[in-house]
Amino acid sequence: MESLAARNLAAMAISVYPVRRCSRKKRVRKEMKFPIFGVRCKGGSLALPVREDFADEEDYVKAGGSELLFVQMQQTKPMDQQSKLADKLPRILTGDIVLDLVVIGCGPAGLALAAESAKLGLNVGLIGPDLPFTNNYGVWEDEFKDLGLERCIEHVWRDTIVYLDDSDPISIGRAYGRVSRHWLHEELLKRCVESGVSYLNTKVERIMEASSGHRLVECEGNIVVPCRLATVASGAASGKLLEYEVGGPSVSVQTAYGVEVEVENNPYDPSLMVFMDYRDFMKHKVQCLEAQYPTFLYAMPMSPTRVFFEETCLASKEAMPFELLKTKLMSRLETMGVRILKTYEEEWSYIPVGGSLPNTEQKNLAFGAAASMVHPATGYSVVRSLSEAPNYASVIANVLKQSHVKSMLVSPRISENISMQAWNALWPPERKRQRAFFLFGLALILQLDIEGIRTFFCSFFRLPKWMSQGFLGSTLSSADLLLFALYMFVIAPNDMRKNLINHLISDPTGGIMVKTYLAL
């Protein structure tokens, strides 16, 4: 099978992308190389340096930062139950064919977008390392049912509870499900197979531009795949392939260390999922850690004796180290009287939250975490990506079909116009207002100590169900969010009200939120 022949490349005058003029408001970060980083290992020592190139320091933080070794361990865990993409999908033909769309990245967002786009008749190629889904996904059962993915849920709890102190737990009144990462992977892969997606198991190094306006996706091994549009869905650390706006808030991190274990003395009701347990079981053992990194326990009792426990730092400016999370989890379980008999799996969850939006004037598109679609205040993203994939695919298909003739006759700049239409559909003003509100909430959480967080959530879970559920699920409109804020202010105690007012006045995210809302 012929690779991209010399005649194919010689026929195209190539300019490396991204190289463009940008206004002051849309400046982009220049690519920087961080060739060597030390990574923390067990015992606090440094492992051999990991050699990687990152777009800038923030891209390095998004990739895992000081916890990069653990992030890589999580990503490469063996999952034998999941099929290899290369065994199910035909290989991308690297000849003279120009694909309509290349999706870069093989996580849930990438597979979903590729399948939905190909279903609409586009010639779609999927490119990225053939890695399994390794993270445990928890979802609200009703949300996954709405997506037609209820068969991918392996366990359901009839209700979800929250402990903030030693009082009785708060009932959220909503069923929660644990997604089978294996079933979800196979379902999304099946959709790719049925819609005719082709695949290339390799890493993308850069995206270039031909004089024709086509994108040239340059991969390892000197493989180049031409396409009309390229969409990056390779996770949050995609700064080498995308431009991000400068001047926005710095990225924060949600970290969690989890274990699925067989135990004695499980204190939790197996019919209830524990969404947050902020009770202080540690007393004075790790006061300094609690002050620096407030954490909670997330627990999925699969049976009276088998439980998935996860110690979670909701958000911090610097990632709470996994070693500390593990120490705190084990101390918590010991104090609760839980005895671990067998460990089935460890998990290291690292989720960048907040940060800047992609520059919506660039020609390369993005989706999922690469497009900053992670909920800044909760870390949730999978449901949003899966729910928005059909509409985003439809937008991409429409602009490509409408421009099919023009792209061969008019200036190559037509591709930029196509990209901007897609960007505007992904990040319309309404979505930007919502995100500005969530960033304001994230900045508030970062400033609160453990008592402040307990007070905040005590008020949060007193809200009407549609408000609290809508906030967690990103379904509240920007107008609803203002009502949400007013309601929170009314029911919050005086100390929290003062915090909210001071935060609005003094924190930069408050001013950004106001400006974003006023730009109606």
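The values are calculated or read from the model by the stated rules, or taken from the named source; none is laboratory data. Since the model is a prediction, treat every value here as computed from it, not as a measurement. Counting neighbours? That spans all protein chains shown, and the Cβs are built from the backbone with ideal geometry, glycine included. Remember, those area values only see protein heavy atoms, side chains included, never the ligands or the DNA or RNA. Shrake-Rupley method; radii C 1.70, N 1.55, O 1.52, S 1.80 Å.
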inquiry  = Could you give each residue of segment 271-279 its phi-based ³J(HN,Hα) in whole Hz, using Karplus coefficients 6.51, -1.76, 1.60 with θ = phi - 60°, and x for Gly or Pro?
reply    = 8, 10, 8, 9, 6, 8, 10, 9, 5
inquiry  = Using a Förster radius of 35 Å, what is the FRET efficiency between Q72 and V246 based on their Cβ-Cβ separation? Nearest 0.05, please.
reply    = 0.80
ask   = So for segment 343-493, taking the charge dipole from beta-carbon charges (+1 Lys/Arg, -1 Asp/Glu), which of Q421, T360, P464 sits furthest toward the positive end?
value = Q421
ask   = With each label point set 7 Å from Cα along the Cα-Cβ vector, what nm distance links D280 and Q292?
value = 1.9
note = Over the chain, the sum of -39500 (n - 2.57) across DSSP H runs of at least four, divided by residue number and rounded to 500 deg cm²/dmol, gives at 222 nm -11000 deg cm²/dmol
Per-residue ³J(HN,Hα) for segment 471-487, Karplus 6.51 cos²θ - 1.76 cosθ + 1.60, θ = phi - 60°, Hz, x for Gly and Pro = 5, 5, x, 6, 9, 6, 6, 4, 5, 4, 5, 5, 5, 4, 5, 5, 5
task = Please name whichever of N135, N391, A519 sits farthest to the positive end of the charge dipole of the chain, dipole taken about the Cα centre and charges placed at Cβ: Lys and Arg +1, Asp and Glu -1.
result = A519
query = With θ set to phi - 60° and the Karplus curve 6.51 cos²θ - 1.76 cosθ + 1.60, what are the ³J(HN,Hα) couplings of segment 258-263 in order, to the nearest whole Hz, using x for Gly and Pro?
reply = x, 9, 9, 9, 9, 9
Accessible surface of the chain, 1.4 Å probe, proportion on carbon and sulfur as whole % = 54
In Å², nearest 10: area of K317 left accessible to a 1.4 Å probe = 150
Cα-based convex hull, segment 211-355, per residue volume (Å³, whole number) = 170
query = K432 to D269: FRET efficiency via 1/(1 + (r/R0)^6), r the Cβ-Cβ distance, R0 35 Å, to the nearest 0.05?
reply = 0.25
message = If you count only protein heavy atoms with a 1.4 Å probe, what accessible area per residue comes out for the chain, rounded to a whole Å²?
response = 44
request  = For the chain, restrict the atom set to alpha-carbon positions and state the Rg and Dmax in Å.
outcome  = 23.4, 73
Added length on full extension, which subtracts the Cα-Cα distance from 0.36 nm per residue, M79 to Q421 = 119.3 nm
Nitroxide proxy distance, nm - points 7 Å out along Cα→Cβ at Q402 and I340 = 5.5
query = Counting Lys +1, Arg +1, Asp -1, Glu -1, what net charge surrounds P270 among other residues with beta carbon under 13 Å of its beta carbon?
reply = +1
task = For I172, I491, give the ranking by accessible area with the largest first, probe 1.4 Å.
result = I491, I172
query = For the residue pair E154 and T327, what label-to-label distance in nm results when each label sits 7 Å from Cα along the Cα-to-beta-carbon direction?
reply = 3.2
note = Heavy-atom accessible area of Y344, protein chains in place, probe 1.4 angstrom, given in Å² to nearest 10, is 90
request  = May I ask you to compute the full-extension gain from E57 to N391, defined as 0.36 nm times their residue separation minus their alpha-carbon distance, rounded to one decimal in nm?
outcome  = 116.9 nm
task = In debye, nearest 20, what is the charge dipole magnitude of the chain about its Cα centre with +1 on Lys and Arg Cβ and -1 on Asp and Glu Cβ, if you could check?
result = 1520
message = Can you give me the solvent accessible area of M420 with a 1.4 Å probe, rounded to the nearest 10 Å²?
response = 70
